[in-house]
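**Student:** Sharing a structure, written as structure tokens. Questions coming.
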């Protein structure tokens, strides 16, 4: 049976204290007991060599060895300097950086145009069990690329749409299955099944599943499990307000897709301010709204799970409200808010992504002026 959980941020829940969100006019119920509190680790990461500076942190992933892979946009530094009429301040770090949990830099490689098809706008990163690294971009003409752990090019996933100059209009086409018209917002591997799930959400409004070995299309769906044939190609749906029915389509960008240990697909409809949960075949199960009245940028930017066997909690990076929401995975109840708006350590500017390691440490990445990675460790 379908059911929907709406997170109510305007009414305090009896018996629970409330965490005020600065500057948003909303509040979130905090669980009386539950997960540990988190503290900011000012010593992570260690200073980068060669006077390197990071561009926007668009991708972050923790692999099976608890190594933290960071994808940043080197071109951001030059673009920012040009916009400000300044000379470049420093040397851009490579696009891909690998850290250990102590903050030591283990590897660094990658730069624009190092291989044919390098993304115009680096956007997501993940690894497989063999240690290969996948990066993707979110501009027209971008797709997924596979590398060895030390940066040797292995494979181009294909399904690459035509390049289009920035700012030029593009038409949605949620029915065709061969092309990812505006790159890849996010992707995740189901290695046991040999499948890859793609959040095709910066122009279209859908989740796509392909055979990872052959690249053949297998299935896809929209919000509430809607068949591709029924997804609207007209504009973007309204977010709606609390108490109103949810939008029938995702609202671009469909920004995150993750698979839980029990085989459920969690999709972050960032600008729709919600997470929807599906079976692997695309059957809709439930949704959680997150600060639904937020009007700009959206709140469901990335999704990851707590490291316990049941994955009791999910962690959601909220770019609009500059915080990480921790939710009960079954009910969608907010149990904790981590971080707040600000530029100091432990606070967030434009928070783009958040991931956990096997020990329960939380790692975050920001875009915009702060463009940094941070670590938060459990206190108990």
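The values are calculated or read from the model by the stated rules, or taken from the named source; none is laboratory data. As the structure is a computational prediction, the values presented were derived from the model and not from experiment. Using ideal geometry, Cβ is built from the backbone for each residue, glycine included, and neighbour counts are taken over all protein chains shown.
**Student:** Quick check: anything in the stretch 199-211 assigned to a loop (DSSP other than H, G, I, E, B), surrounded by fewer than 21 Cβ atoms within 10 Å (Cβ to Cβ) and at pLDDT 95 or above?
**Tutor:** No; the residues of the stretch 199-211 include none that is assigned to a loop (DSSP other than H, G, I, E, B), surrounded by fewer than 21 Cβ atoms within 10 Å (Cβ to Cβ) and at pLDDT 95 or above.
**Student:** Let me ask something else. Any residue that is farther than 28 Å from residue 251 by Cβ, in a loop (DSSP other than H, G, I, E, B) and without any contact (Cβ under 8 Å) to a residue 24 or more places away in the chain - is there at least one of those in the stretch 167-181?
**Tutor:** Scanning the stretch 167-181 turns up no residue that is farther than 28 Å from residue 251 by Cβ, in a loop (DSSP other than H, G, I, E, B) and without any contact (Cβ under 8 Å) to a residue 24 or more places away in the chain.
**Student:** Take residue 161 and tell me if it is more than 17 Å from the chain's Cα centre (by Cα) and surrounded by 13 or more Cβ atoms within 10 Å (Cβ to Cβ).
**Tutor:** yes
**Student:** Could you list, in sequence order, all residues of the stretch 235-277 that are in contact (Cβ under 8 Å) with a residue 40 or more places away in the chain, in contact with a strand residue (DSSP E or B) (Cβ under 7 Å, 6 or more places away or on another chain) and in a loop (DSSP other than H, G, I, E, B)?
**Tutor:** Result: 246, 250, 251, 260.
**Student:** Which ones in the stretch 104-113 are assigned to a loop (DSSP other than H, G, I, E, B) and either in contact with a helix residue (DSSP H, G or I) (Cβ under 9 Å, 6 or more places away or on another chain) or modelled with pLDDT of 95 or more (or both)?
**Tutor:** 104, 110, 111, 112
**Student:** So for the stretch 124-136 (the condition being over 17 Å from the mean Cα position of the chain (by Cα), assigned to a loop (DSSP other than H, G, I, E, B) and under 18 Å from residue 206 (Cβ atoms)), does at least one residue qualify?
**Tutor:** The answer is no; no qualifying residue exists.
**Student:** Residues that are surrounded by 24 or more Cβ atoms within 10 Å (Cβ to Cβ) and touching a strand residue (DSSP E or B) at 6+ places or on another chain (Cβ under 8 Å): does the stretch 305-312 have at least one?
**Tutor:** no
**Student:** For the stretch 182-192: of the residues being assigned to a loop (DSSP other than H, G, I, E, B) and surrounded by 15 or more Cβ atoms within 10 Å (Cβ to Cβ), which is farthest from the chain's Cα centre (by Cα)?
**Tutor:** Only one residue tops the list, namely 182.
**Student:** While we're on this one: Which numbered condition trips up residue 301, out of (1) surrounded by fewer than 24 Cβ atoms within 10 Å (Cβ to Cβ); (2) touching a strand residue (DSSP E or B) at 6+ places or on another chain (Cβ under 8 Å)?
**Tutor:** Of (1) surrounded by fewer than 24 Cβ atoms within 10 Å (Cβ to Cβ); (2) touching a strand residue (DSSP E or B) at 6+ places or on another chain (Cβ under 8 Å), only one is false for residue 301: (1).
**Student:** Among the listed residues 84, 78, which satisfies the condition of being more than 17 Å from residue 372 (Cβ to Cβ), touching a strand residue (DSSP E or B) at 6+ places or on another chain (Cβ under 9 Å) and at pLDDT below 95?
**Tutor:** That would be 78, the only listed residue that is more than 17 Å from residue 372 (Cβ to Cβ), touching a strand residue (DSSP E or B) at 6+ places or on another chain (Cβ under 9 Å) and at pLDDT below 95.
**Student:** Next up: Might you let me know whether the stretch 89-103 holds any residue that is modelled with pLDDT under 95 and assigned to a loop (DSSP other than H, G, I, E, B)?
**Tutor:** Yes: one or more hits.
Condition check ((1) surrounded by fewer than 18 Cβ atoms within 10 Å (Cβ to Cβ); (2) under 16 Å from the mean Cα position of the chain (by Cα); (3) closer than 23 Å to residue 61 by Cβ) across all residues:
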position: 214; (1), (2), (3): yes, no, no
position: 226; (1), (2), (3): no, no, no
position: 242; (1), (2), (3): yes, no, no
position: 245; (1), (2), (3): yes, no, no
position: 248; (1), (2), (3): yes, no, no
position: 256; (1), (2), (3): no, yes, yes
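**Student:** Name the residues in the stretch 137-158 that are assigned to a loop (DSSP other than H, G, I, E, B) and either surrounded by 14 or more Cβ atoms within 10 Å (Cβ to Cβ) or touching a strand residue (DSSP E or B) at 6+ places or on another chain (Cβ under 7 Å) (or both), would you?
**Tutor:** 138, 139, 140, 141, 142, 143, 148, 149, 150, 151, 157
**Student:** Tally the residues that are more than 26 Å from residue 359 (Cβ to Cβ) and either assigned to a strand (DSSP E or B) or under 13 Å from the mean Cα position of the chain (by Cα) (or both), restricting the search to the stretch 278-296.
**Tutor:** So the answer is 6.
**Student:** Here's something else I'd like to know. Going through the stretch 214-234 one residue at a time, which ones are touching a strand residue (DSSP E or B) at 6+ places or on another chain (Cβ under 8 Å) and touching a residue at least 24 places away in the same chain (Cβ under 8 Å)?
**Tutor:** Passing the criteria: 217, 219, 220, 221, 222, 223, 224, 225, 228, 231.
**Student:** I need the full set of residues from the stretch 313-338 which are out of contact with any strand residue (DSSP E or B) (no Cβ under 6 Å at 6 or more places or on another chain) and closer than 15 Å to residue 265 by Cα, in order please.
**Tutor:** Answer for the stretch 313-338, where residues must be out of contact with any strand residue (DSSP E or B) (no Cβ under 6 Å at 6 or more places or on another chain) and closer than 15 Å to residue 265 by Cα: just 330.
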